[in-house]
Every structure is written in structure tokens, then in C-alpha cells.
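Colleague: Let me begin by handing over the structure; questions about it come next.
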Amino acid sequence: MTIPLLPCASIDEVAEFYVMLGFTITYRQYRPNAYLSVRREEINLHFFGIPGYEPERSYSSCLIQVEDPRELYEAFAHGMRAVYGQVLVSGLPRMTRPRRDGFLVVDPGGNWIRVMSAVREQEPRSSNGLTRALHNAEMLAGSHAAERQALKILERALVREVHASEEERATALEFRDELLERLGLRS
């Protein structure tokens, strides 16, 4: 078993966040060093506090593989809605809507928690331009927090790829709407 150890500014903020997502606190220590561990089913995450840590500048990340990412997303979304009245899609914390094989949670510590299907689908080599653009936009927005660049790529492809299927266009438009919301350009 491997358990990630992730930094944060406040173990209390992180604890509240993960309890909201349905995790249980399994250990909390304040002295001599701030430390927290949480668990939900087979998912274990550990956190250590760093005085002066800036979550916005974090590059910490971990990957969680589960059988059904959409099921876990719905559980997390339910917890967020109960506390915040909505799923937070921008700022800290936030959670992206699920894509083909997973979604992303960024916690109050700035840690990027990637939830992926244990069985990942590979991007087909023969995919059309819109599908490739969507994949690239998802990677930019999810891995690099480059929502503006992702939006540009997607909008160009939506104009250029007029022969894409209705399903591909609907998926691309849904992600475009999410990007606009994350950028604060649509509520």
C-alpha cells in the first residue's frame, strides 16, 4: 500500500474539506508537527502542515484510481452541495466535472487530487480534430490550470470542426461552458 503525504497550510481546513467529501479522520496531531490522516473506503490521504505554506503555489498531486470515478464524483458533489449549495468549480477548493476517465479535486491545501478510472480508455489515434482538441483542452485545464488557453483551443476547434458528431459537439460545448464558469465569465 502506498499513501501520499501532502502539504497544507492548515490541517483543520483540510480536515473540514475531506469530512465534507465523506472521509473519516483517522489521526490528527498538532504537536510537535501538524499532521492529519483521512480515509474513505480504500482511499487514504495524509497531510502535514507547513507554517507559511501558500496553497495557490502548490504543485503537490496524487492519483487515486477507482472502479467508477462518476460514482465517487457524485458522492463528493453531494457533500459540496450540502455545505456550499453548489459544486465549486473555481478557486480553492474546487472540483472539475467528470470526463471520460475521471475528474480533479483541488483541496484547500492546493493539492491536486486526480481521480481516475482504474481501467483507463486510451484516446483513439483516429479521433477527429474536435475530439483531439477536447482532450488537449482537458489536459491543459486539468494538469496545468491553463483554463484560458484550453478555452481558446476548444473554441477554435468548435468553429473549425463542422463535421464532428452531435455527441462530440455536445461534449465539447459542455466543457466549454465549464471553462467559462471556472474563469468567471459565466455563472
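The values are calculated or read from the model by the stated rules, or taken from the named source; none is laboratory data. As the structure is a computational prediction, the values presented were derived from the model and not from experiment. Reconstructed Cβ throughout: ideal geometry from the backbone, glycine too, with neighbour counts over all protein chains shown.
Colleague: Any residue at all in segment 40-55 that is aliphatic (A, V, I, L, M), assigned by TED's automatic domain parsing to the domain that holds residue 112, under 19 Å from residue 11 (Cα atoms) and touching a Phe, Trp or Tyr at 6+ places or on another chain (Cβ under 8 Å)? If you could, list the steps in order and put the result at the bottom.
Modeller: Keep residues of segment 40-55 that are aliphatic (A, V, I, L, M), which gives 43, 45, 50.
Still in the running and assigned by TED's automatic domain parsing to the domain that holds residue 112: 43, 45, 50.
Cutting the leftovers down to under 19 Å from residue 11 (Cα atoms) gives us 43, 45, 50.
Now drop any that are not touching a Phe, Trp or Tyr at 6+ places or on another chain (Cβ under 8 Å), which leaves 43, 45.
So far as segment 40-55 goes, yes, one or more of its residues are aliphatic (A, V, I, L, M), assigned by TED's automatic domain parsing to the domain that holds residue 112, under 19 Å from residue 11 (Cα atoms) and touching a Phe, Trp or Tyr at 6+ places or on another chain (Cβ under 8 Å).
Colleague: Working carefully through the options 45, 88, find the one that is under 18 Å from the mean Cα position of the chain (by Cα), buried (at least 16 other Cβ atoms within 10 Å of the Cβ) and in a loop (DSSP other than H, G, I, E, B). Steps first, answer last, please.
Modeller: Numbers: 45 fails: in a loop (DSSP other than H, G, I, E, B).
From the options 45, 88, the qualifying one is 88.
Colleague: Return the residues of segment 1-35 that are in a strand (DSSP E or B) and within 23 Å of residue 84 (Cα to Cα); say none if nothing qualifies. Let's see the steps before the verdict.
Modeller: Initially, segment 1-35 is screened for residues in a strand (DSSP E or B), giving 5-8, 24-29, 35.
Matches in segment 1-35: 8, 24, 25.
Colleague: Moving on to the next point. Does segment 62-81 contain any residue that is of a type outside the set (Asp, Glu) and in a loop (DSSP other than H, G, I, E, B)? Give the steps one after another, and end with the answer.
Modeller: Keep residues of segment 62-81 that are of a type outside the set (Asp, Glu), which gives 62-66, 69-70, 72-73, 75-81.
Of the ones still in play, those that are also in a loop (DSSP other than H, G, I, E, B) are none.
No, the conditions are met nowhere in segment 62-81.
Colleague: A further question follows. Hey, can you tell me all the residues within segment 46-93 that are farther than 15 Å from residue 112 by Cα, of a type in the set (Val, Ile, Thr) and in contact with a strand residue (DSSP E or B) (Cβ under 7 Å, 6 or more places away or on another chain)?
Modeller: Listed by number, the residues that qualify are 50, 66, 87.
Colleague: Does residue 52 qualify as being under 21 Å from residue 97 (Cα atoms) and in a loop (DSSP other than H, G, I, E, B)?
Modeller: Working: under 21 Å from residue 97 (Cα atoms): no; in a loop (DSSP other than H, G, I, E, B): yes.
Taking the combined requirement at face value, the residue does not satisfy it.
Colleague: Follow-up. Tally up the residues in segment 102-133 that are buried (at least 19 other Cβ atoms within 10 Å of the Cβ) and either at pLDDT below 90 or of a type in the set (S, T, N, Q) (or both), please.
Modeller: Matching residues across segment 102-133 total 5.
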